[in-house]
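Contents: one structure, followed by commentary.
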Amino acid sequence: MLTVVDHPLVKVHIAVLRDQHTGTDAFRRHLTALTRLLAFPALQDLDIASFTVVTPLAQTTGYQVAKMLVLVPVLRAGLGMVEGFRDVVPDTVVSHLGMYRDHRTLKPIRYYSNFPASYHDHPVILLDPMLATGGSAVDALDYLKAEGARNIRVVSIISAPEGVRKVEECHPDVRVFTAQLDERLNELGYIMPGLGDAGDRQFGTVPE
Ligand code: PRP
Ligand code: URA
């Protein structure tokens with residue numbers, strides 16, 4: 001199921017990310033701020049457990065996250081969404097997943113994974129700013145489920161209808177939270193109007 005997060009500040013930050021003149025530093029800052037805003041709706045139903053907390057004046061009930069959250073950023077671009085989540089959720093685990101799209105076939109190539117098996121029953125958030133054809137997200141979800149993860153959400157910044165459809169078809173149990181549903185993919189598999197290549201925009205590796 002898709003949730004498009006509708007908030008005025010989400011729209012403001014996306015405009016900065018889209019702007020071709022936004023440099024890497026500003027891109028990274030606005031991506032982090034935007035991710036913080038997405039963390040709230042994505043974690044609306046996060047399980048918390050009560051415990052006793054003692055203030056300087058009295059004892060009362062406090063709450064803590066029941067099961068540590070596992071963040072799975074898809075390298076490279078998902079790295080830029082880790083800080084925003086860690087700013088607002090205490091004590092997360094970060095499990096990197098390396099994959100890139102083959103430029104010719106647009107199929108994902110997985111080159112690194114390290115999901116800790118003991119966290120299979122914890123909530124998992126797959127972080128990738130771009131959900132384009134959906135190939136990378138579906139492959140990442142296949143991998144996470146093969147590792148035993150069951151409670152998985154996807155958080156993206158910009159999604160294409162094609163990618164959302166593919167995730168819904170292959171993983172109907174997974175909720176997708178996105179800041180923006182764009183119009184379409186172009187012939188090279190880029191989201192239109194999109195923001196370009198999210199990895200290159202963050203890390204300055206714009207191809208010649
Ligand atoms: C981008 C993006 C996603 C993928 C989305 O990564 O971060 O992982 O493309 O495309 P898809 O939905 O069609 O699979 P990219 O392959 O550019 O890797 P990079 O971040 O290492 O540059
Ligand atoms: N990956 C990106 O970084 N941007 C797109 O538009 C599509 C895939």
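Laid out as a table, the results:
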read-out	value
Residue order for Phe51, Phe115, Phe40 - accessible surface, 1.4 angstrom probe, largest first	Phe40, Phe51, Phe115
Three principal axis lengths of the range 57-208 [C-alpha, angstrom, descending]	62, 33, 27
Angle between the chain longest axis and helix 8-18 axis [Cα atoms, degrees, rounded to 10]	40 degrees
Crossing angle, helix 24-42 versus the chain [Cα axis fit, 0-90 degrees, rounded to tens]	50 degrees
Share, in percent, of DSSP beta bridges within the range 1-128 that are antiparallel, nearest 5	60 percent
Glu169 accessible area, 1.4 Å probe, all protein chains in place, Å² to nearest 10	140 Å²
About the Cα centre, charge dipole magnitude for the range 113-208 (Lys/Arg +1, Asp/Glu -1 at Cβ), debye	320 debye
Mean accessible surface per residue for the chain, computed with a 1.4 Å probe while every protein chain stays in place, in Å²	51 Å²
Solvent exposure, largest accessible area first (probe 1.4 Å, DNA, RNA and ligands not counted), of Met130, Met81	Met130, Met81
Nearest 10 degrees, 0 to 90: helix 135-146 Cα axis against the chain principal axis	40 degrees
Ranking by accessible area, most exposed first, for Tyr119, Tyr63, Tyr100 with a 1.4 Å probe	Tyr63, Tyr100, Tyr119
The range 1-17 versus the range 104-137: alpha-carbon centroid distance in Å	22 Å
Inter-label distance, nm, simple model (7 Å from Cα along the C-beta direction), Ile48/Ser118	2.7 nm
Gyration tensor verdict on the range 1-120 (Cα atoms; rounded if a/c is under 1.5, prolate if a/b is larger than b/c, oblate otherwise)	oblate
Rough spin-label spacing in nm, given labels placed 7 Å along Cα→Cβ, for Tyr190 and Ala146	3.1 nm
Apportionment of accessible area to carbon and sulfur, the chain, percent (1.4 Å)	53 percent
Virtual spin-label span in nm between Ala66 and Phe40, 7 Å along Cα→Cβ	2.3 nm
Residues Lys107 and Thr55, FRET efficiency given R0 of 45 Å [Cβ-Cβ distance, rounded to 0.05]	0.25
Helical contribution to [θ] at 222 nm, DSSP H n ≥ 4, -39,500 (n - 2.57), averaged over the chain, rounded to 500	-9500 deg cm²/dmol
Arg165 accessible area, assembled protein chains, probe 1.4 Å, Å²	130 Å²
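The values are calculated or read from the model by the stated rules, or taken from the named source; none is laboratory data. The model shown is predicted, which means the values in this text are computed figures rather than measured ones. Every residue, glycine as well, gets a Cβ built from its backbone with ideal geometry; the counts of neighbours run over all protein chains shown. In case anyone asks, the SASA skips ligands and DNA or RNA and just uses the protein heavy atoms, side chains included. Shrake-Rupley method; radii C 1.70, N 1.55, O 1.52, S 1.80 Å.
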